[in-house]
Structures are given as structure tokens and as C-alpha cells.
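Visitor: Provided herewith is a single structure, encoded as C-alpha cells, for subsequent inquiry.
The values are calculated or read from the model by the stated rules, or taken from the named source; none is laboratory data. Not measured: the values here are computed from a predicted model. Note that each Cβ is placed from the backbone with ideal geometry, even for glycine, and that neighbours are counted across all protein chains shown.
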Amino acid sequence: MKSCFLLLLMVLRGFTHAQSLSDLSASALSNHLIIVSWPYTNTAFTLEQSSGLAPGSTWQRSTLAPAFSSNTTLFSLSVPATNAVQYLRLARPADLRGIYVYSSDVSQVSSNYAVTLTNALNQPGVDGLVLVIAWSAIEPTNHIFHWTDLDQWMNTAAGLGKKIDLAIPAGINMPAWLFEPPGSGGAGSMPLQFTVSPHQGATSNCISETIAAPWDTNFLTAWNTMLTRLSAHLKTAGTYDSLTLLRLTGINRTTDELRLPAETPDGTGLDCVSNAPAIWQAAGYTPAKLVFGWSNIVSFFQQNFPDKCFSIAIIPDVTNSFPPIDNNGQLITNNIPDPNQPLLLLAGQQFAGQLVVQFNFLMTGQTASQAVVQSAQSYGTLAAYQSNNYYGSSGGGAACGGTPSSPVQCSNDTYLAELQEGIYPLRQMNSLRSQYIEVFPADVLLFTNAIWQAHSELFGAP
């Protein structure tokens, strides 16, 4: 009979209790299989394995894929019993915690905004930068890349010792060459044209965009090429190791959030808004095609950044995140299923222990979106939030009440209360904590005490 000897190690690396890794447990399922399991602990992890413990032994990322059970809140995997000795341990890929300053597209910022952003990064309590740069900015011409703006801000953040979450939105930021014929230097993707409105029409603004379908193979090829070149460039530039995590983008509308145009004129009350579901029906949209595109995108990120953590910014509203169309191409009018569910399930399985799911909205006095909590409970993902940006059009940041068209200004206390809604999505008595909170530069400079207090609470014990 074959046997398998496992040494299960816990690696703490000096972090506080809030970031402790679990002990691993092993039990025999049969003479041929051993089950290894460990509980969800609100921290990123990777599973590593080695054939020995002698000095100089190499620990490598395990090819075994843990699964998460929402019933037991345990990660687990099956290890085949063999005569070979195997050693397994949990390791931490990165400490993700902190206050991250969210940038506008750095390829488009003014010199005044650049000063504000730099000053915000220098404030006590700021731990990281969400570095946003459009795909069209780094690849304005097919296979010709402009890295200057990216390099400038990567070096700035790295030089200040800040964590970096890199977000490269597609959607409205898809380059024009993507839709040009291959004979003219393009990729030959089919253009889909929409007019959308932020906040479901609450701002009364209409924005036109041309995007490719997520399952468009020409788009997928171009997206993978960009990620491949990006990874290679960061390694050549010496900033790859400064990258803490990446936003999983590629299926976007006007921001880095995971969504597609789904509005209608009737739903927004704006005649300028296109009938997005009808456009998608004509393009052949189905949820299965969406998952096909997403599975490719997730694999591209994993192939090009195998040692990094990732984040997804979701839209919990089932009626406005994706078009309500079934796999027969028909509109769904009642009992619309959650379109995020299969996407989060797939990404959660592929990036077990390394995936953050966040919602980009917090408001003083309002419970933070429980969709982020449900993702943690269902898929074992980590949690994060972003403050609202109701004053964004005027260069400001968060409001602490009101509406997008009539926001209420914050004080230091009400702003801190807003951030705390995200830090403690199940209140302070529960051990679930957000990994990070994203904030805007103007608020960092206005509410310095709140930023420091929020930073301290993110790093505190549960």
C-alpha cells in the first residue's frame, strides 16, 4: 500500500493576528487520497510544496488547486497518496492591507492633479496607489507601446514604498485600431456602439463608447498580447516586483468595474441612452459567451502574472451590470439571475487565496454592499471597498450624504464613518475586515486624521 507523509507548516512572517495564516489539517479519505484543509482567515495565501526541508530546499507554488466550501468555510484539496515525501505550507504572496489612493487615468492628468496625487501619496496613513491607465494610452497603435506615463507613476509609488494596484480599463478605453481591418494595421474586432449614462441616468450625462464583445477572438488575442508585453516591460524596467496586485479588467464599460452597457432609455429616463440589451441581442450575446470571454481573460492574467494577487470591482445591481439576456438570446424580464455569480466562481477557483472582490461605493450611514461579503462567504475571496466619488466631476472626492446631483460635504468625522462602513462590512464585532479602502486624492489631503485612523484600523487585530 502506498503512503504519503505530509508536513504542514504555518508561515507568519511577523504580521499581526489579523493577517495570520492557518494551520493545515490532513485526514485520510481513502488508502489513495488525503484531504488537506484549512479555514478562511481573511488574508491572502498561496499553497507551496517542497520535496525536502534541508537548507537550500526549494519551495514552489503548488499545482494543486484548493476548492472553497461555503458550508464549512474551509479551503481543501485532495493529495494523492504516493511513496514520495511531500511537504506543504501556506505562504503569503503580499500584505494587501491599507489605504490606497485611486488615481484618474494617469495618461490624462493635468500637472496640478499630478501634484495633488503625489502629495496624497506622501500623507501618513496612505499605503498604496491604484494606478489607472487606459489601454489606448499604453498601446495607441497596434503592437506599439508607450510606457512613459506608466513608468513614471510606477517609479513614483515604488520610490515612496507604496503598494501598487494596476488597473488598465478596456471598455471605452479600447484603442481605435482594435476595430480597424488587419490590412490597415488593426485587429479586426467588430465595433459595438453604445451611449451610456453614469449612475443609471442620475447625472443626466450621456457618454458614447465603442467596445468589442468579450468573446470576440480578435479582441482576446490583442488583450493577451498587451498583458504579455506589459509583464515583460515591467520586468525589464525593474518594477514588476513593486506590483502588489492587478485589477481584472477587459470586460468594462467606462471604468475598471466588471460590467457591460445594460441601460435603456426607459430605465434611465434619458432619450440619449441607447437600448443596450437590443444591441447585445443583435450581436449574439449570451451568458455562456460572456463566461467564455471571461475565462480567457482570467487565464491571460494568470499566465502573465502568476505570482500576483488580483482584484475585481463588481456592480451588485443585477439589472444594470450586464444585459438581462438568457442563453437562448431572449430578454429576461423576471427573476434575473446574478450575472456576477459564474464570473466570481470561475475567478475564485482560479485565484484561490489571491482574489479580492470589491464594490466601488461607500456612504456614511449606509451599510456597505453585502455582495462583497457574500462573495467572501461563497467563494473564499477577500473584501475591499472604495469611497463614493460624488464630487469627482469637480475634482473632489467623496460625499457623506445626498445624491450625485446634490451631494453633502463631509467632515473629518463623517468621512471616517464612511470609511469604517467599508473596513467593517459586518460591523466591528465580526472578524471579517476589508483588505483595503480606496480613496481619492482630494479627500486624503482634506481629512488627514480620518485617513490615519482608517489606516490604523485596517492594520489592527479583529
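Visitor: Hey, among the residues in region 265-279 that are under 16 Å from V318 (Cα atoms) and buried (at least 19 other Cβ atoms within 10 Å of the Cβ), which one's farthest from the chain's Cα centre (by Cα)?
Guide: Of everything passing the filter in region 265-279, T268 is farthest from the chain's Cα centre (by Cα).
Visitor: If I filter region 129-149 down to residues being free of Cβ contacts under 8 Å to residues at least 60 places away in the same chain and either hydrophobic (A, V, I, L, M, F, W, C) or touching a strand residue (DSSP E or B) at 6+ places or on another chain (Cβ under 9 Å) (or both), which single residue comes out as surrounded by the fewest Cβ atoms within 10 Å (Cβ to Cβ)?
Guide: I144
Visitor: Here is a check on your reading of the model: is Y102 modelled with pLDDT under 95 and either under 25 Å from N252 (Cβ atoms) or not assigned by TED's automatic domain parsing to the domain that holds F351 (or both)?
Guide: Considered against the rule, which asks whether it is modelled with pLDDT under 95 and either under 25 Å from N252 (Cβ atoms) or not assigned by TED's automatic domain parsing to the domain that holds F351 (or both), Y102 comes out as no.
Visitor: Something else: Which condition from (1) touching a residue at least 40 places away in the same chain (Cβ under 8 Å); (2) part of a loop (DSSP other than H, G, I, E, B); (3) closer than 24 Å to T195 by Cα is the one that A313 breaks?
Guide: A313 satisfies every listed condition except (2).
Visitor: Any idea how many residues of region 314-335 are among the charged types (D, E, K, R) and either at pLDDT 95 or above or crowded, with 20+ Cβ neighbours inside 10 Å (or both)? Break it down into steps so the answer makes sense when it comes.
Guide: Taking region 314-335 as the starting set, the residues that turn out to be among the charged types (D, E, K, R) are 317, 326.
Still in the running and either at pLDDT 95 or above or crowded, with 20+ Cβ neighbours inside 10 Å (or both): 326.
Within region 314-335, residues that are among the charged types (D, E, K, R) and either at pLDDT 95 or above or crowded, with 20+ Cβ neighbours inside 10 Å (or both) number 1.
Visitor: What pairs can you find where one residue is in region 279-293 and more than 12 Å from D326 (Cβ to Cβ), the other is assigned to a helix (DSSP H, G or I), and their Cβ atoms are less than 9 Å apart, with a gap of 6+ or different chains?
Guide: Correct list of pairs: V291/P342; V291/L343; V291/L346; G293/F219; G293/L220.
Visitor: If you go through region 290-307, how many residues are crowded, with 18+ Cβ neighbours inside 10 Å and part of a loop (DSSP other than H, G, I, E, B)?
Guide: Residues in region 290-307 being crowded, with 18+ Cβ neighbours inside 10 Å and part of a loop (DSSP other than H, G, I, E, B): 1 in total.
Visitor: Identify the single condition in (1) over 30 Å from S70 (Cα atoms); (2) among the polar types (S, T, N, Q); (3) part of a loop (DSSP other than H, G, I, E, B) that Q453 does not satisfy, given that it satisfies every other one.
Guide: (3)
Visitor: State all residues of region 416-438 that are of a type in the set (A, V, I, L, M) and assigned to a helix (DSSP H, G or I); if no residue qualifies, say none.
Guide: Correct list: L416, A417, L419, I423.
Visitor: Does any residue in region 226-249 that is small (G, A, S) come within less than 9 Å, Cβ to Cβ, of a residue that is assigned to a loop (DSSP other than H, G, I, E, B) six or more places away or on a different chain, and which pairs are these?
Guide: S231/F305; A237/W147; S242/K162
Visitor: Consider region 324-349. How many of its residues are part of a helix (DSSP H, G or I) and in contact (Cβ under 8 Å) with a residue 60 or more places away in the chain?
Guide: Adding up the residues that qualify gives 5.
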